[in-house]
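This report refers to the structure that appears directly beneath it.
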Amino acid sequence: MKLTIPAIFKISLSFLILGIFLQLLKGAAISSLLLMHVGFSDIQSLYVEKVFAISFLVLGIFSVWRPSQLNLFSLSLLILFISLTSFFAGGKHFSELSVFAHFTRIVLPLAYLYYLRKQLAICVWLLRLGIAFTFATHGWEALQANPVFIDYLIGFFQLRIQEHTASYMLIMVGIVDIVVAFCIWKVSNLWAIYWVVFWGFLTASLRVYDAGLENFSEFLVRTPNFCAGLLLLAIVRVFFNKSEVKRNLKTS
Amino acid sequence: MKNIVFLFLLILLACHSKKQEKINGELTQKVIHPRIYWTENPASHAIVSWTSLEEGAEHKVYYDTISHNDIKHYSLFTESASNGKITVRKEDLLSGAPSAYYHHTELEGLQSGKKYFFRFCSDNTCSPEYFFITAERNSQNLSVLYGGDSRVGEEDEEDNNPAAHATRKKMNKLIAKMLVQRPEIKALIHGADYAMDATWKHLYFWFNDHELTITPEGRVLPLIISRGNHDHEIGFTENFRLGKITEQNSDGYYYTTRLTDSIALITLNTETSMAGYQYKWLKKELPKARAANKWLLVQYHKPAYPAVKDFDREDFVRVRKYWVPLFEENRVDIALESDGHALKKTVPILKNKPDPKGIIYIGEGGLGVPQRNPHPERWYFTNGGHASSDHHVWLLDIAADSMKVKAFGANGEQILDFPLKSKYH
Ligand SMILES: [Fe+2]
Ligand SMILES: [Fe+2]
């Protein structure tokens, strides 16, 4: 398959759908909420979550295979719903920000929809919105020294750096993330998009590097973080010169 | 001159009415939520904590080794070291939790193995008399309870909702009953995830329910606390304040408790960096603690060997990657874990394989949280391990060379029982 824009959309959506499906199958926030808040038994809540996971997978496959307004829109809504369940279940660092942190994955199906409708300006706008929210949220978490990020860094350097060094590095990372989130609004800043692709891929891979190949679903759900950059780059390169992009964005 | 006298009278009047107001305030002031925290040296130190419904100006703990009717007769008192307003939001007030203040008083220089009677006072309002017993320094025997996960799912946490916290209350009453039946029990090690989250609308009711662990004669069981993934909010550091342990390093809450001269418990924090300062500290602390103690226990919230959740989850992987090799190298006697919401006991594990020389991991959270269905088929539960869906509290009866480990269900029935030999040599 040639790496065309629709191909990138399809691959990243497939990875995302598979990743979310695997996470739901292992037991996620939906079953936790049903058990803790609704009063379902553990078996019932896991059952509901599995049925949801399979429905999500079917819808996902259908959306990639036969994309339509209805199924891509529903897919975005379901991903938003899943992020909201993590928000309500809590119990993770910064779970209150999960919807913002997951913005690239939430907007990806919608961006594909507008791409297919040839409303490129909206497609580009959505991708940038997703990247901006996801990067700004991660930047904020990095500035707050999210201990999970600290351990990724220490793990990456195989215990050869100290926690305070990791904290300083996170401040740099946080500032860069937030700067990128702002710069992504200016397409003329191509370097920001390059960075999104590079950094999105690196941080998604770090999850697998740190916690083993068994955690590849963690990588899969983060494919939109770099694929959104890749798509932005491809769309800008293929369809626009700079002035066109600016014009398109103004009309959107 | 007349004007000056008038002004003077006016000021006097203002001062008087202010004083009156303060006295009225004191009269309505309430002090609730008695609790004791043990940290590093429970033979000589304890933190007495409580909640007051008004700010007050003076907060003190009066204490003595004999009981008194009158506050004036206590031979000792200590001023509260840490006082402040508890973070309360509109939704907390709507849930029925009142705005309130926290108080943490450090009692130092206590005598080992002694009964201490105490009352805590915010201004003129004092609590009834309670008592607790300090750790016994030169004892070879010790009984302690271990349990975790006392959060509940009910949205409506008001006390008038009979369904709310029913099991948590039941478990707390069971703890009080066990304490009456077995007065040798010294403390409750709590594996964390106290409430849904550490906001006041949840913690207020948790502290209310915690009062049920107090025996009819007023004995308060000291808590040795850890921090869980539902305890991230500011309410945790406000209400579970452990003096310098809370502030130290990146996020605190890891420390060694010298339960006796020969029994130590290391509490770790899975909610801060596991590979950073804490790892370095643990690497130094474990060999020291092992060399000095016949029994070495560890507790932390997220499990290395989960009974319910995915084995490969990154937080569990991290516990196994950074801490477990240190536990094994230093021959930890038993590991206490929480978070999963099930009853579990692993086979002895060494280098990620069953091995009679390895460490047994027990847990995994049953102090009232809805129980989940575990995976008894996992390799670390077959041939001698156990995993089931049961509310429970663990009792560790430690003697010179052997330990009896028992799990009791919500009705006080014994579910599990196994012996353990010390790995000290
Ligand atoms: Fe937990
Ligand atoms: Fe829990």
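Worth a mention:
- Flag: B:Ala187 does not match the condition of being within 16 Å of ligand 1 (Cβ to nearest atom) and buried (at least 24 other Cβ atoms within 10 Å of the Cβ).
- Region B:356-369 residues that are outside the structural domain of B:Asp417 (by TED's automatic domain parsing) and within 16 Å of ligand 2 (Cβ to nearest atom), paired with ones that are assigned to a loop (DSSP other than H, G, I, E, B) and β-branched (Val, Ile, Thr) (beta carbon under 9 Å, 6 or more apart): none
- The sole residue among B:Asp417, B:Asp397 that is modelled with pLDDT of 95 or more, closer than 22 Å to B:Asp149 by Cβ and not aromatic (Phe, Trp, Tyr) is B:Asp417.
Matching residues to (1) under 25 Å from B:Ser422 (Cβ atoms); (2) within 16 Å of ligand 2 (Cβ to nearest atom); (3) surrounded by 23 or more Cβ atoms within 10 Å (Cβ to Cβ):
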| site | (1), (2), (3) |
| --- | --- |
| B:Asn229 | no, yes, no |
| B:Ile234 | no, no, no |
| B:Thr237 | no, no, no |
| B:Lys244 | no, no, no |
| B:Thr267 | yes, no, yes |
| B:Gly276 | no, no, yes |
| B:Pro306 | no, yes, yes |
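- Test: residue in region B:327-341 that is away from ligand 1 (no atom under 16 Å from the Cβ), free of Cβ contacts under 8 Å to residues at least 24 places away in the same chain, of a type in the set (Lys, Arg) and surrounded by fewer than 20 Cβ atoms within 10 Å (Cβ to Cβ): no
- Residue match in region B:246-258 (condition: at pLDDT below 95 and more than 14 Å from every other protein chain (Cβ to nearest Cβ)): yes
- Residue among A:Val148, A:Val196 that alone is over 26 Å from A:Val236 (Cα atoms) and either more than 13 Å from chain B (Cβ to nearest Cβ) or among the β-branched types (Val, Ile, Thr) (or both): A:Val148
- Residue identified as within 16 Å of ligand 1 (Cβ to nearest atom), modelled with pLDDT of 90 or more, among the hydroxyl-bearing types (Ser, Thr, Tyr) and out of contact with any Ser or Thr (no Cβ under 6 Å at 6 or more places or on another chain) among B:Tyr194, B:Tyr146, B:Tyr204: B:Tyr146
- Cβ-Cβ under 6 Å pairs, at least 6 apart or on other chains, region B:215-228 side over 15 Å from B:Lys177 (Cα atoms) and outside any loop (DSSP other than H, G, I, E, B), far side more than 16 Å from ligand 2 (Cβ to nearest atom) and of a type in the set (Val, Ile, Thr): B:Ile224/B:Thr257
Yes/no matrix, rows are residues, columns are (1) out of contact with any strand residue (DSSP E or B) (no Cβ under 8 Å at 6 or more places or on another chain); (2) under 30 Å from B:Lys114 (Cβ atoms):
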site	(1), (2)
B:Glu233	yes, no
B:Thr246	yes, yes
B:Leu268	no, yes
B:Thr272	yes, no
B:Lys280	yes, no
B:Lys283	yes, no
B:Ala291	yes, yes
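- Options B:Gly243, B:Gly218, B:Gly252: the member that is touching a Phe, Trp or Tyr at 6+ places or on another chain (Cβ under 8 Å) and assigned by TED's automatic domain parsing to the domain that holds B:Asp397: B:Gly218
Listed here are the residues, each with its yes/no results for (1) more than 16 Å from ligand 2 (Cβ to nearest atom); (2) among the acidic types (Asp, Glu); (3) in contact with a Lys or Arg (Cβ under 8 Å, 6 or more places away or on another chain).
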position: A:Ser32; (1), (2), (3): no, no, no
position: A:Asp42; (1), (2), (3): no, yes, yes
position: A:Ala53; (1), (2), (3): yes, no, no
position: A:Leu75; (1), (2), (3): yes, no, no
position: A:Gly91; (1), (2), (3): no, no, no
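- Meets criteria (facing chain B (nearest Cβ under 9 Å), buried (at least 19 other Cβ atoms within 10 Å of the Cβ) and closer than 19 Å to A:Ser83 by Cβ) for A:Leu46: no
The values are calculated or read from the model by the stated rules, or taken from the named source; none is laboratory data. A quick note: this is a predicted structure, and the numbers were derived from the prediction, not measured. For neighbour counting, all protein chains shown are included, and Cβ atoms are generated from backbone atoms with ideal geometry for every residue, glycine included.
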